[in-house]
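The values are calculated or read from the model by the stated rules, or taken from the named source; none is laboratory data. Computed from a predicted model, the values in this text were never measured in an experiment. Note that we place each Cβ from the backbone using ideal geometry, even for glycine, and neighbour counts take in every protein chain shown. Ligands, DNA and RNA are excluded from the accessible area calculation, which covers all protein heavy atoms including side chains. Shrake-Rupley method; radii C 1.70, N 1.55, O 1.52, S 1.80 Å.
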Amino acid sequence: MDEGVSPAASVGPEVTRTECKRCGKQIRGVNGRYACSLCGWVNHWSEGHNRLPSGAEDPDYRPGRS
């Protein structure tokens, strides 16, 4: 790793895993956000491990575009 880059700056999305709350299947997600491919259960977005970026922070964001 470059000495000029802090470890926190180089950390990307983390693959996490848990059991589906509906059917019990072992599932994986990104940063604590899950969707079960077997039964369709999805956890609430606020249960994730970090803050979601706003629309204005999206690199593809263009004001006035719908």
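A few points about this structure:
- Of the residues making up region 26-59, those that are farther than 15 Å from GLU14 by Cα, open to solvent by less than 100 Å² (accessible area, probe 1.4 Å), outside any helix (DSSP H, G or I) and modelled with pLDDT under 90 number 3.
- Matching residues, region 10-25, being part of a loop (DSSP other than H, G, I, E, B) and touching a strand residue (DSSP E or B) at 6+ places or on another chain (Cβ under 9 Å): PRO13, GLU14, CYS20, LYS25
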